[in-house]
Amino acid sequence: MPRVSQDEPDTHRTMHVVNHIRALIENGTLKPGDKIPPEREFARSLKISRASLRTGIGYLAAMGVMKVRHGVGTFVADGPAEFGKTSLSLMSALHGFQSWQMFEARRILESHVAALAAERGKEEHHAAMAEEVAEMFAAMDNPSDYLIHDLLFHRIISQASGNPILAALIETITSALYDKRRKTVEHSTDLRESAEMHREIYRAIRTHNREEAQRLMEQHLNMAQIAQGMERPTERKATPTQTKSKPAKADAKTLA
C-alpha cells in the first residue's frame, strides 16, 4: 500500500482510514462485530500516525460504522451505518432539498417500517424502545438530550423491522435531518406531546399492532413537521422549571 505523506492534509489522512476500512468491510475481511487490529499495528500497516488513525476511527464511530469500547478495543458495529449521510447533506446543499421533502420521504418509509417492527420486533427491541421513551420523558427540560433519544428511538424501530436496507435508508435521512434540527431544537415547545406520541408508537409495536403502529408513526411525523416548522433560532430564556433537577424517568408501569 502506498505510504500516506505526513504532510498531507488531515482530511486526506482521515479519508484514507475511512476508505481502507470501508474496503475491508465491503470485501468481507471485516464483518459486523469484528475487532480491528490494535492501534499501533493498524497504524503501521496503513503507514500513518496513530493520531491520524484515531481521527479516522472517530469519524467512523460518529457515522455509526465503528463502536469504540474503552479498555476493550474498536469493533465493527452490528447495526446499519450511514455512509450516505455526507452525500445526502451535500446534495441537499447543492439542490436545495426542502424540509417537507425530507419529511415526505420519512413518512413513506418510517410508517411502513413501524408496521414491520410491530410484526417482527423482538423483546430486546421492545426493551430498548422503552428505555429511550423513558429517557425522552426525563430529558424534556434538555432539548438537545431529548433529540438524541428521539433519534435513537427511531433507529431501534428501523432495526426491529428486520430489513437492514430500509434501516440504512432511514438512518441516512434522519441523520441528515438531525444536523439541521440540533440547531433549532432548543426552541421547541412540543416535547411532552412528542414524548407521549413516542410512547403510543412503542405500545403499538410492543403489542404487535401493525396497523396502529403505521398510523401513529405517520401521525407523529405530520405533527413533528408542523412543530419543527415553528422553531426559530432565537435565544431561549431560562425558566424556573429549567433550573430544577432532571425529571424522573417514566417507569415500566407508566410505559405499559
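The values are calculated or read from the model by the stated rules, or taken from the named source; none is laboratory data. Everything numeric here is computed off the predicted structure, so don't read it as measured data. Cβ atoms come from the backbone with ideal geometry, glycine included; neighbour counts cover every protein chain shown.
Could you tell me which numbered condition THR29 fails, if it satisfies all but one of (1) in contact with an Asp or Glu (Cβ under 7 Å, 6 or more places away or on another chain); (2) assigned to a loop (DSSP other than H, G, I, E, B)?
Every listed condition holds for THR29 apart from (1).
Tell me the residue from MET230, MET217 that is surrounded by fewer than 20 Cβ atoms within 10 Å (Cβ to Cβ), touching a His at 6+ places or on another chain (Cβ under 9 Å) and not polar (S, T, N, Q), please.
Checking each option against the conditions leaves just MET230.
Given the criteria modelled with pLDDT of 90 or more, in a helix (DSSP H, G or I) and touching a Ser or Thr at 6+ places or on another chain (Cβ under 7 Å), does LEU116 qualify? If you could, list the steps in order and put the result at the bottom.
On the way: modelled with pLDDT of 90 or more: yes; in a helix (DSSP H, G or I): yes; touching a Ser or Thr at 6+ places or on another chain (Cβ under 7 Å): yes.
Criteria met by LEU116.
Can you pull out the residues in the range 121-169 that are at pLDDT 85 or above and of a type in the set (Val, Ile, Thr)?
VAL133, ILE156, ILE157, ILE165, listed by residue number.
Within the range 24-55, count every residue that is of a type in the set (Lys, Arg), touching a Lys or Arg at 6+ places or on another chain (Cβ under 7 Å) and in contact (Cβ under 8 Å) with a residue 40 or more places away in the chain.
Within the range 24-55, the first condition is being of a type in the set (Lys, Arg), and the residues that meet it are 31, 35, 40, 44, 47, 50, 54.
Add one more test, that the residue is touching a Lys or Arg at 6+ places or on another chain (Cβ under 7 Å), and what stays is 40, 47, 50.
Still in the list and also in contact (Cβ under 8 Å) with a residue 40 or more places away in the chain: 47.
Residues that pass the stated criteria total 1.
Restricting to the range 72-104, and then to whatever is at pLDDT 85 or above and surrounded by 14 or more Cβ atoms within 10 Å (Cβ to Cβ), can you tell me which residue is farthest from GLU200 (Cα to Cα)?
Out of the qualifying residues, it is THR74.
Do we have any residue at all in the range 186-205 that's within 15 Å of the chain's Cα centre (by Cα) and either more than 22 Å from GLU123 (Cβ to Cβ) or not assigned by TED's automatic domain parsing to the domain that holds HIS126 (or both)?
Residues of the range 186-205 within 15 Å of the chain's Cα centre (by Cα): none.
No: the range 186-205 contains no residue that is within 15 Å of the chain's Cα centre (by Cα) and either more than 22 Å from GLU123 (Cβ to Cβ) or not assigned by TED's automatic domain parsing to the domain that holds HIS126 (or both).
Out of ARG192, ARG181, ARG203, ARG107, I need the residue that is in contact with a helix residue (DSSP H, G or I) (Cβ under 7 Å, 6 or more places away or on another chain), surrounded by fewer than 21 Cβ atoms within 10 Å (Cβ to Cβ) and at pLDDT 90 or above. Which one?
Working: ARG192 fails: in contact with a helix residue (DSSP H, G or I) (Cβ under 7 Å, 6 or more places away or on another chain); ARG181 fails: at pLDDT 90 or above; ARG203 fails: in contact with a helix residue (DSSP H, G or I) (Cβ under 7 Å, 6 or more places away or on another chain).
On inspection, the qualifying residue turns out to be ARG107.
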